[in-house]
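Read the structure below first, then the notes.
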């Protein structure tokens, strides 16, 4: 049951992280939509790198959310969001992924249950290794 909840929550968490990562205006969104990537084109190494980046992006997103709750000034909120975007981009790039490739993998995970299950296993291994 826990694994199923984690898999279900993965889509929401990835979507939130991608939203936070994105800097596009509405007009640019269509141009930045991730290309559909067949699951077989995503290597185990990429999934592992994605897992590490995903955990970092999730942590940064949580920190940003906490900070935003404490701030009423819209300008400061914007600064916090921009700082978080920069940190997330750096976290993704440190794992030898581009933001575009990170988005493509996230989209593939949301569309392919088998790939998502494989990712959850890798994610659990990465989490255990981080402890």
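The values are calculated or read from the model by the stated rules, or taken from the named source; none is laboratory data. These figures come from a predicted structure and were not determined experimentally. Cβ: placed from backbone, ideal geometry, glycine included. Neighbour counts: every protein chain shown.
Data overview
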{"read-out": "Pairs with Cβ under 7 Å, 6+ apart, first in region 62-74 and under 15 Å from residue 84 (Cα atoms), second modelled with pLDDT under 95 and surrounded by 10 or more Cβ atoms within 10 Å (Cβ to Cβ)", "value": "64/20"}
{"read-out": "Matching entry among 53, 91, 17, 30 (being at pLDDT below 95 and under 23 Å from residue 130 (Cα atoms))", "value": "17"}
{"read-out": "Inter-residue pairs, beta-carbon under 6 Å, first surrounded by 10 or more Cβ atoms within 10 Å (Cβ to Cβ) and in region 37-49, second assigned to a loop (DSSP other than H, G, I, E, B), 6+ apart", "value": "39/112; 49/95; 49/96; 49/97"}
{"read-out": "Hits in region 96-119 - residues which are closer than 14 Å to residue 53 by Cα and part of a helix (DSSP H, G or I)", "value": "99, 100, 101, 102, 103, 104, 105, 106, 119"}
{"read-out": "Residues (closer than 16 Å to residue 58 by Cβ and loosely packed, with under 13 Cβ neighbours inside 10 Å) located in region 91-124", "value": "94"}
